[in-house]
1. Scan I72, I55, I89 and give me the residue that is surrounded by 19 or more Cβ atoms within 10 Å (Cβ to Cβ), within 24 Å of A25 (Cα to Cα) and among the β-branched types (V, I, T).
2. Scanning the stretch 184-197 for residues that are among the charged types (D, E, K, R) and modelled with pLDDT of 90 or more, which turns out farthest from H78 (Cα to Cα)?
3. What residue, of A147, A196, A175, A140, is of a type outside the set (S, T, N, Q), within 25 Å of P15 (Cβ to Cβ) and free of Cβ contacts under 8 Å to residues at least 24 places away in the same chain?
4. Just to be sure before I move on: is L90 in contact (Cβ under 8 Å) with a residue 40 or more places away in the chain and within 12 Å of the chain's Cα centre (by Cα) in the structure I sent?
5. Among the listed residues D208, D189, D203, identify the single one that is surrounded by 14 or more Cβ atoms within 10 Å (Cβ to Cβ) and over 18 Å from H82 (Cβ atoms).
6. How many residues are surrounded by 14 or more Cβ atoms within 10 Å (Cβ to Cβ), touching a Ser or Thr at 6+ places or on another chain (Cβ under 8 Å) and farther than 14 Å from R80 by Cβ if we restrict to the stretch 159-169?
7. Working carefully through the options I101, I84, find the one that is surrounded by 14 or more Cβ atoms within 10 Å (Cβ to Cβ) and more than 24 Å from C45 (Cα to Cα).
8. Filter the strands (runs of 3 or more DSSP E) completely within the stretch 76-155 down to those with at least 2 residues that are modelled with pLDDT of 90 or more and out of contact with any Cys (no Cβ under 7 Å at 6 or more places or on another chain).
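The values are calculated or read from the model by the stated rules, or taken from the named source; none is laboratory data. The structure displayed is predicted, hence computed values, not measured ones. Using ideal geometry, Cβ is built from the backbone for each residue, glycine included, and neighbour counts are taken over all protein chains shown.
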Amino acid sequence: MKNLFTLIFFGFSVPRAEWGLSQGAYDSMLALSEGDNIYRVKRHCEEYLIEDNYIYTYWKPWNDVEVKTWIIPGTPWHIRIHYIKTSRILDAADGGFALGIENKNEDRADFKNIQNENECLVRYSWGASGIKSLSTGGKAELIYPNANTNLLNSRTVIPTIKTRIEPGTSWLVSAVFGEPGKSEDKWNDPPSVEIASDKVVVDLPNFDRFEIPIK
C-alpha cells in the first residue's frame, strides 16, 4: 500500500519479488525485514484516520510488530512519520519516489547526484527525487530496482532511507522530495519535525506550522 505518489509523473512500482530492495522496488512506502532480506509492507490497516493536514494509519506487519504512520502531504516535500513498536530486530527501508533514469527526449548531461549519510537526491532535466532522514540512525542510499518494475519507466532509481531497528520503540521520520521538470530547486529548504511526548510539531515550507496529537 503506497504512502503517497504522483501518478502522472512518477507512476508507481510493483515488485518483481519480495527478496531485496532491488526486486521489491519499494517506492513511496515503508518496507520491513527481519534481516533476511525478505520485506513486508503495509497490506492492511487496522485503523486509519483522514484529517485536513495528515493521514494516520495503524498496521501490523507481524503479530508482535506495530506501526503507526502519519503522512503529511505537500509539494515538493511531504513528510512521513513512523512509530514502530517491535519485539524483534528489523531492517527498515523508507522509499521515496521512483524517478525514471532514461528519457529519449531530454539531455542526460544535466544530471545532479547528492548522497550523504542522511540524505540523497537524483536530479535530471526532466525531474528530481530525493529523501532526507529527520531522525537519527538512518542511512541514505540510492536503490536501482530491477528493470520494468515501474508502470511508466523501464529503469528507475528510488532514494531510500535504511535503518536498523532494535527491539522496543523507535521513531522514523523522513522528508520526501519530488518535482517534475526544471522548476526551482527547493531541495535546500526542507521541512522540520519535533516530537514531544503527546504531540508532533510539523513545519512544512509554504504551510502554517501545526501540531498532530499522538494517539
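1. Values: I55 fails: surrounded by 19 or more Cβ atoms within 10 Å (Cβ to Cβ); I89 fails: surrounded by 19 or more Cβ atoms within 10 Å (Cβ to Cβ).
Selected residue: I72, the only one of I72, I55, I89 that is surrounded by 19 or more Cβ atoms within 10 Å (Cβ to Cβ), within 24 Å of A25 (Cα to Cα) and among the β-branched types (V, I, T).
2. Applying the filter and picking the extreme gives E194.
3. Working: A196 fails: within 25 Å of P15 (Cβ to Cβ); A175 fails: free of Cβ contacts under 8 Å to residues at least 24 places away in the same chain; A140 fails: free of Cβ contacts under 8 Å to residues at least 24 places away in the same chain.
Result of the check over A147, A196, A175, A140: A147.
4. Details: in contact (Cβ under 8 Å) with a residue 40 or more places away in the chain: yes; within 12 Å of the chain's Cα centre (by Cα): no.
It is false that L90 is in contact (Cβ under 8 Å) with a residue 40 or more places away in the chain and within 12 Å of the chain's Cα centre (by Cα).
5. Just a single option satisfies the conditions, and that option is D203.
6. Matching residues across the stretch 159-169 total 1.
7. I101
8. 77-86, 90-95, 119-124, 127-133, 139-143
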